[in-house]
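Novice: Pasting a structure below so you can have a look.
The values are calculated or read from the model by the stated rules, or taken from the named source; none is laboratory data. Note that the structure is predicted; figures quoted are calculated from it, not measured. Using ideal geometry, Cβ is built from the backbone for each residue, glycine included, and neighbour counts are taken over all protein chains shown.
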Amino acid sequence: MIGLHVGEPSFSPPGHVVEAARAAYAAGDTHYVPNAGIVPLRAAAAEKIATINGFEVAEQQVVISAGGAQALHVALSLAVSAGDEVLIPDPGWPNYAMAVGLLQATPVRYPLRAENGFLPDPTEIAALVTDRTKMIIVNTPSNPLGTVWGADVVESIVRFADRHDLWLLSDECYDALTFGVEHVSSGRFDTEQRVLSVFSFSRPSR
Ligand SMILES: Cc1ncc(COP(=O)(O)O)c(C=O)c1O
């Protein structure tokens with residue numbers, strides 16, 4: 001058996017990143033910083049989102065976390081309460097169900113079927129929505145599937161969230177690993193401020 005779910009790159013961080021960290025420690029940059037992250041880093045993330053991911057965010061809308069996993073947890077805990085339901089992809093990263101369960105909410109799996117190219121079907125997902133559904137989690141590029149959703153699919157799921165008044169948690173931790181295919185961010189279609197986007201420094205970035 002080959003475990004495909006742990007997405008750790010096989011190589012170390014680039015030398016200039018390691019050097020910058022070393023220089024910061026040597027300069028005494030070792031004290032508390034704002035919980036949301038230092039302003040230059042939030043500004044740099046906002047700039048990356050604008051230029052690479054193709055949608056605008058103010059630096060005040062960017063929060064730096066200890067990894068994508070913490071960002072997912074914080075986003076979930078902001079929007080979901082005990083007893084709520086959260087739509088999660090199946091097959092999908094196993095931690096979604098655990099993170100939802102941690103908040104005493106219920107994960108509801110929406111199928112990504114092989115015969116459908118492992119893409120979501122909004123009509124099928126609509127049948128899973130109840131009056132307790134608060135959020136849909138979207139993961140493209142997908143771990144473990146490796147599928148990358150096209151713009152039409154991403155837009156159809158954002159519109160689905162609009163129709164059902166759901167938060168959309170967009171896990172884009174693999175946004176740079178598409179092997180030549182264009183990655184499309186849900187934030188590009190977010191006209192109603194319902195998308196929470198998560199990115200990660202744990203993977204190579206563009
Ligand atoms: C789909 C997916 N989302 C989020 C994460 C979490 O990323 P991080 O390592 O930044 O916590 C992972 C890590 O494997 C992942 O596979």
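Each row is one residue, and each column tells you yes or no for (1) over 14 Å from Leu196 (Cβ atoms); (2) not aliphatic (A, V, I, L, M).
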position	(1), (2)
Tyr25	yes, yes
Ala46	yes, no
Val57	no, no
Val63	no, no
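Novice: Oh, and also: State which residue is surrounded by the fewest Cβ atoms within 10 Å (Cβ to Cβ) when the search covers only region 150-170 and only residues that are under 21 Å from Asn116 (Cα atoms) and not hydrophobic (A, V, I, L, M, F, W, C).
Specialist: So the first thing to find is which residues in region 150-170 are under 21 Å from Asn116 (Cα atoms), and the list is 150-161, 170.
The next check asks that each one be not hydrophobic (A, V, I, L, M, F, W, C); those that pass are 150, 152, 155-156, 159, 170.
On the way: Gly150: 15, Asp152: 9, Glu155: 15, Ser156: 16, Arg159: 13, Ser170: 25.
Within region 150-170, the match that is surrounded by the fewest Cβ atoms within 10 Å (Cβ to Cβ) is Asp152.
Novice: In this structure, does Val108 turn out to be among the β-branched types (Val, Ile, Thr) and in contact (Cβ under 8 Å) with a residue 12 or more places away in the chain?
Specialist: On the way: among the β-branched types (Val, Ile, Thr): yes; in contact (Cβ under 8 Å) with a residue 12 or more places away in the chain: yes.
Considered against the rule, which asks whether it is among the β-branched types (Val, Ile, Thr) and in contact (Cβ under 8 Å) with a residue 12 or more places away in the chain, Val108 comes out as yes.
Novice: Turning to a different aspect of this structure: Check Gly92, Gly180, Gly150, Gly146 and return the single one that is assigned by TED's automatic domain parsing to the domain that holds Ala75, within 18 Å of the chain's Cα centre (by Cα) and either on the phi > 0 side of the Ramachandran plot or of a type in the set (A, V, I, L, M, F, W, C) (or both).
Specialist: Details: Gly92 fails: either on the phi > 0 side of the Ramachandran plot or of a type in the set (A, V, I, L, M, F, W, C) (or both); Gly180 fails: within 18 Å of the chain's Cα centre (by Cα); Gly150 fails: either on the phi > 0 side of the Ramachandran plot or of a type in the set (A, V, I, L, M, F, W, C) (or both).
So the residue among Gly92, Gly180, Gly150, Gly146 that is assigned by TED's automatic domain parsing to the domain that holds Ala75, within 18 Å of the chain's Cα centre (by Cα) and either on the phi > 0 side of the Ramachandran plot or of a type in the set (A, V, I, L, M, F, W, C) (or both) is Gly146.
Novice: Hey, any hits in region 125-134 for a residue that's surrounded by 15 or more Cβ atoms within 10 Å (Cβ to Cβ) and within 16 Å of the ligand (Cβ to nearest atom)?
Specialist: no
Novice: On the given criteria, is Ala44 at negative phi and part of a helix (DSSP H, G or I)? Explain how you work it out, then say what you get.
Specialist: On the way: at negative phi: yes; part of a helix (DSSP H, G or I): yes.
Yes: the conditions hold for Ala44.
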